[in-house]
Amino acid sequence: MKTRLVALLTAAVAALLSLNAAAALVVDTGEPTYGRDSPGDPILASYQGLAAQFVLSERHRITGVTGFISSAGSAGSITVAIYADGGEVPGQELLLASAAVPAVTFTDDGISVPGWYGPEGLDWLLGAGTYWVAFEVRAGQNFEGYMANPAPNPLQFSALSVGGIYTPESNFGPQPVADLGIRIYGD
C-alpha cells in the first residue's frame with residue numbers, strides 16, 4: 001500500500017512538472033538589471049498599479065504571469081490582472097488572480113534581490129489581440145516593494161495607477177514603467 005502511494009505521488013509530481021515545462025513563454029521582456037545603479041525602480045504599494053501593453057498574434061491559454069519584483073521588507077500579496085486594450089491605458093478588467101511575494105532578501109553588499117513572482121496554474125483563455133497586464137496592490141493587500149528595471153526587451157506602452165485610475169506613462173515623463181520585467185506563460 002505504501003509503495004503504491006509513493007508511486008502515485010511520484011507520478012503526480014512528474015505530471016505537474018511536465019505541465020510547467022510544457023508552458024512556453026508567450027511574453028518575455030527578459031530579466032531586468034537591478035541594484036544601486038538601476039534607474040528609479042517603479043514603486044508598487046497600497047492602491048498602486050503598474051501596467052504594460054502586450055499583443056498576442058494568436059489564441060493562447062495563459063498558465064502563469066510573473067513580474068520581476070522585490071518587497072521593501074516583509075512578505076505581502078499582489079493582484080495580477082489582464083485588461084482589454086483601452087488605448088493608452090488598460091480598458092475593462094478581464095481576468096485576475098492574487099499572488100504572494102516573499103520577504104526581501106539581500107546580497108552580501110546590501111542590495112535587495114528581486115525574483116519572478118505571480119500566479120501560476122492559471123487557465124485563462126485569450127484570443128489574438130492587444131491586452132494589458134497589471135501588477136497591483138488592491139484594498140486589503142499589504143505589499144510594499146518595487147519592480148526592478150530596465151528589462152532588455154521592454155514592452156512599448158505602459159501606465160501607472162493610483163487609486164485604481166490608470167494614466168499613461170508618458171504623462172509622468174521618463175518613468176521607466178515599460179521596462180518592467182514581465183513573463184507570461186501559456187500554450
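The values are calculated or read from the model by the stated rules, or taken from the named source; none is laboratory data. Predicted, not measured: the structure shown is a model, and the values here were computed from it. Positions of Cβ are generated from backbone atoms using ideal geometry, with glycine treated the same way; all protein chains shown enter the neighbour counts. Please note that ligands, DNA and RNA were not included when accessible areas were found on the heavy atoms of the full protein model with its side chains. Shrake-Rupley method; radii C 1.70, N 1.55, O 1.52, S 1.80 Å.
Ordered by 1.4 Å accessible area with all protein chains kept, D108, D85 run largest first as D108, D85. Solvent exposure of F135, expressed as accessible area, is near 0 Å², computed with a probe of 1.4 Å over the protein chains only. The string of couplings for the stretch 59-68 from the Karplus curve (6.51, -1.76, 1.60, θ = phi - 60°) is 5, 9, 9, 7, 10, x, 9, 10, x, 8 Hz, one whole number per residue in order, with x for Gly and Pro.
Placing a label point 7 Å from the Cα of A84 along the Cα-to-Cβ line, the residues of the stretch 104-124 whose backbone N sits under 19 Å from it are 124.
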